[in-house]
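Student: The structure that follows is given in the form of structure tokens.
Computed from the coordinates by the stated procedures, all read-outs in this text should not be read as laboratory data. Note that the coordinates shown come from a computational prediction; the quantities given were computed from them, not determined experimentally. Positions of Cβ are backbone-derived with ideal geometry, glycine not excepted, and every protein chain shown enters the neighbour counts.
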4 protein chains.
Amino acid sequence: MSTPTRVVDLNADLGESFGAWRLGDDEALLAVVTSANIACGFHAGDPLTLRRACASAVTRGVTIGAQVSYRDLAGFGRREMTVPPDELEAEILYQIAALDGIARAAGGRVSYVKPHGALYNRAARDPEQAAAIAAAVVSYDPGLPLLTLPGSATEAAAAEVRLRAVTEAFADRGYTDEGRLVPRGRPGAVITDPAVVAARAVAMVTDGVVETVGGHLVELAPRSVCVHGDTPGAVRLATAVRQALAHAGVTLAPFA
Amino acid sequence: MSTPTRVVDLNADLGESFGAWRLGDDEALLAVVTSANIACGFHAGDPLTLRRACASAVTRGVTIGAQVSYRDLAGFGRREMTVPPDELEAEILYQIAALDGIARAAGGRVSYVKPHGALYNRAARDPEQAAAIAAAVVSYDPGLPLLTLPGSATEAAAAEVRLRAVTEAFADRGYTDEGRLVPRGRPGAVITDPAVVAARAVAMVTDGVVETVGGHLVELAPRSVCVHGDTPGAVRLATAVRQALAHAGVTLAPFA
Amino acid sequence: MSTPTRVVDLNADLGESFGAWRLGDDEALLAVVTSANIACGFHAGDPLTLRRACASAVTRGVTIGAQVSYRDLAGFGRREMTVPPDELEAEILYQIAALDGIARAAGGRVSYVKPHGALYNRAARDPEQAAAIAAAVVSYDPGLPLLTLPGSATEAAAAEVRLRAVTEAFADRGYTDEGRLVPRGRPGAVITDPAVVAARAVAMVTDGVVETVGGHLVELAPRSVCVHGDTPGAVRLATAVRQALAHAGVTLAPFA
Amino acid sequence: MSTPTRVVDLNADLGESFGAWRLGDDEALLAVVTSANIACGFHAGDPLTLRRACASAVTRGVTIGAQVSYRDLAGFGRREMTVPPDELEAEILYQIAALDGIARAAGGRVSYVKPHGALYNRAARDPEQAAAIAAAVVSYDPGLPLLTLPGSATEAAAAEVRLRAVTEAFADRGYTDEGRLVPRGRPGAVITDPAVVAARAVAMVTDGVVETVGGHLVELAPRSVCVHGDTPGAVRLATAVRQALAHAGVTLAPFA
């Protein structure tokens, strides 16, 4: 009796430089991941950076996603904001469209949407902001999947408007016993040891579980695993995850 | 022997509010013009304003153009900037794409591109910036016409890459003897008397001439006439121009 | 037996234009108020606008306050943000200093600090953000009073670091039964009838009470009454309030 | 007969990080320079970065200067802008004041002003922008010196309003035969070899000359030598310059 082939996507944030400021190593990450969450200019990503990231993703066959954010360059999109839903919806539509146009000019296209930073976390528990995100995606292209945390308000909002929600897990982030991410700044929020991150990724995909900061196991069934591009040693982490997954017999392939 | 029917487009700037700040009366202008140069967020135009302007333009059957600009909210795009060509090209591509996505979500599309303010004036005499604009348009959609000043570097740059250049005249702006616009802030730069503006528009379209600040006549053959949306009394001006053109037997129709 | 003379300050928001966008009538308001909360560039107020507002306030003998805000031009500082305390403290220090330098160049000085919009409301209930504001003021000048809502976390944070807290009431805003402002967008949040606003101001100052949206009376002892500069008909409102207070025998004088 | 003691200042740009984006090694540079040109938030420098840079400069006894710029985060202040003089003056006043307030809260103060990037270059040849800078400094504190290129319009504008102009030389930048800096992006614009940079610095200070890209010698009499903080290997360069100057018997001391 054969084991079914397991398939997972590996995603990371890219295109997060801004003008004179460099962040992350886009080229190196694009050699490792199967999906690139490319910034859209609201938390990071000047247009030239986005254009180069899209061109390189197309060349390497990496799937492009729009990493939409609050308008907050000074806070890198990590400061939660209470934005009225119609404003938020329009801001997200603007970002998806801008990146998709750049991607198309490079011979590719935006194939999914993923909220960034504080917007990701807020929408996961705020049905109003989650609905604004889902509405923006539907208004642009109802065929675009939304990459989300399982059990989140974002997932529910996607279902509400018949958007495909794809669930992801975070190999380099700590989880609470409720299956949420430990907020940045708290102990255990970010994991930097490549061996630990790789082992967690394998457990997430092959066993469907992750160990929480409280020492329990929480069930997961991720179609994608995220490694953060701005974590110290991001490329090494992503490479370790990719190799460990391959070694465990998992096929790496984009979901979109 | 019958006179050939003359046809001209009437364009104005719209979508130039930003957040709490209102500018211009988009709804009233959309009832008058045939083409709307809608801001793209770099000199004005928050995403919700753009969305509303696009939706209203679609409802009224007004053609939508992308009014691209330097990144300069504080200066409303009126401060000339020396932007490296690759940066400028990417910034313009970003803006066209963002607005087109919003227009498409509203059931319309961006049908032409017009540079705004200082970018319009700089590109008219700077082949490098003009080429960056033309390259951005080509990379997004080589079928989009570029609305330009006749005899400008922008027109030449469009021809170079086989973009259609559509020439326009400014009913409410003074002209130098060289056929350039009198820079804002100089005497005669802006004309506010509706009767004068309307008469100039008719002369431009039916006689193909405009009187300069030096008292000479300069030849023009505009396919579009621009009335500025932020001029005091903009709506009254645009209405006067529209009525005078109709009275002179000119057909108003978009060029794109 | 004579009634003691009652004294109150009248404050309004000014300097809230930005570049090409005009908001409010600074000159007209400066003729009415005794204290001007001048924007500091983070939610509104380009430097030239601030300079003009400060110069005019100095000429008219109106006291200048620094109206500090979240960094949010697109949202006019009305979108609540979760800013880390050390960032928020530095952002507020930056704003106070910038405005004070402009005021001093105009022959005046910043004499108090008032948080704007969402920061005002968040700090009123969030001890962490309130403490960041108080710490910023202390680091710049521990002699500057902080204009606050009575019973707020801001008032408590000021007391904690021995800053003077001055309490204000809002003549043109609805109050909840708990003595908080009704959030903008909810019914009864903003009152626009000058006669009603003026009568509320008189009741606040002479009787020490305001009627809530629930129909109850809440006690107040404001040293300052605020009329919003961006309310429709702001100048008429402020004038009505000033006249009604004078008619009721109240002396108008700044608190700082 | 003894040689007179030569004295020179060593200045570098600092505080040029922004939010999540790091640039330069402020701590290491502060251990080497005698004057720190600290960004003011318009081309770089979030308030928390500025506060840390000022605090560290005060601790180390390094003199603080305000590195004022065009409002251009996306272009790092390197894109020349045609800003109306009254706007530019107010923008510069705002920046000096903001940084001075932060410096004073840290126990120091702004002791001089230096324009950054494109503003430095534009003002060097544009009397209008130079006059706006000088007027801003005078309006804030007529005792603050302005750090400038010798023979520049900035130097002339300072003299016009009796500001002290201090001339500097650039150890790591190429010079034209006219004594101007070779524009960035052209061959020879930036010198990265520490030995070459150090030797040029010594020649500038002890011999009063620099070799141009054309192979000629141009005379200089700098009171300060600049090493750019964002040049690759900036700290190594600055250290090499400091050691070479000390070895040549030059005393390093701030000018302000």
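Student: Based on DSSP H assignment, which helices of chain D show an axial Cα extent of at least 15 Å together with a mean Kyte-Doolittle hydropathy greater than or equal to -0.5?
Tutor: Qualifying helices: D:47-60, D:85-105, D:127-140, D:234-247.
Student: Something else: What distance in nm separates the simple spin-label points at residue D:28 and residue B:209, each placed 7 Å from Cα in the Cβ direction?
Tutor: Once both label points are built, they end up 7.0 nm from each other.
Student: Right, something else. Specify which residue in the list A:198, A:225, A:156 is farthest towards the positive end of the charge dipole of the range A:6-252, using unit charges on the beta carbon of Lys, Arg (+1) and Asp, Glu (-1), about the Cα centre.
Tutor: Checking the options against the dipole of the range A:6-252, the answer is A:198.
Student: What is the Cα convex hull volume of the range D:162-256 when expressed per residue in Å³?
Tutor: Hull volume over Cα atoms, normalised by residue count, gives 113 Å³.
Student: Moving on. Hey, can you rank D:185-195, C:237-247, A:69-79, B:160-170 by average C-beta count inside 10 Å, highest first?
Tutor: Result, highest mean first: A:69-79, C:237-247, B:160-170, D:185-195.
Student: Over all directions, what mean area does the Cα convex hull of the protein assembly as shown project, stated in square nanometres?
Tutor: With the hull built on Cα positions only, its mean projection is 49.8 nm².
Student: From zero outward in steps of 10 Å, how is the percent of C-alpha pairs of the range C:91-238 spread across the bins?
Tutor: With 10 Å bins starting at 0, P(r) equals 11, 37, 34, 16, 1.
Student: Oh, and also: What gaps in nm, shortest first, separate residue D:217 from its twins in the other copies when you place the label 7 Å past Cα toward the beta carbon?
Tutor: Those label-point separations list as 6.7, 8.0, 9.1 nm.
Student: Take every DSSP beta bridge with both residues inside the range B:6-252 and express the antiparallel ones as a percent of the total, to the nearest 5.
Tutor: 20 percent
Student: Please work out the ratio of the alpha-carbon Rg of the range C:137-212 to 2.2 N^0.38 Å and round it to two decimals.
Tutor: 1.27
Student: At 7 angstrom along the Cα-to-beta-carbon line, where would the label on residue C:6 sit relative to the other copies? Give the distances in nm, shortest first.
Tutor: Spelled out, the distances from residue C:6's label point are 6.9, 7.4, 7.5 nm.
Student: Hey, if you drop one equal point scatterer on each alpha-carbon of the range C:1-90 and run the Debye formula without solvent, what base-10 log of I(q)/I(0) do you get at q = 0.12, 0.13, 0.21, 0.25 Å⁻¹?
Tutor: Log10 of I(q)/I(0), two decimals: -0.43, -0.49, -0.97, -1.20.
Student: So for the range D:6-252, averaging the separation of alpha carbon pairs under 8 Å that are six or more residues apart and normalising by length, what relative contact order in percent results?
Tutor: 20 percent
Student: Label-point separation (nm) for residue C:243 and residue D:184, each offset 7 Å from Cα along Cα-to-Cβ?
Tutor: If labels sit at residue C:243 and residue D:184, their model points lie 5.8 nm apart.
Student: Hey, what's the Kirkwood Rh for the range B:35-146 if you take every pair of different alpha carbons, in angstrom?
Tutor: This gives a value of 13.7 Å.
Student: Points 7 angstrom from Cα along the Cβ direction at residue A:216 and residue C:156: gap in nanometres?
Tutor: Once both label points are built, they end up 3.2 nm from each other.
Student: Sticking with this structure for a sec: With N set to the number of residues, divide the alpha-carbon radius of gyration of the range A:6-252 by 2.2 N^0.38 Å and report two decimals.
Tutor: With N residues counted in the range A:6-252, Rg over 2.2 N^0.38 Å equals 0.93.
Student: Taking every residue in D:14-24, how many Cβ atoms of other protein chains lie within 10 Å of its Cβ, on average?
Tutor: 5
Student: Cα convex hull of the range C:209-256: how many Å³ per residue?
Tutor: Here the figure is 110 Å³ per residue.
Student: Calculate the mean, over all residues of peptide D:25-33, of how many other protein chain Cβ atoms lie within 10 angstrom of the residue's Cβ.
Tutor: Mean partner shielding for this stretch: 0.
Student: Which residue in C is nearest the C/B rotation axis when you measure from the C-beta atom, and what is the distance in Å?
Tutor: Residue plus distance in Å, as requested: C:21, 2.
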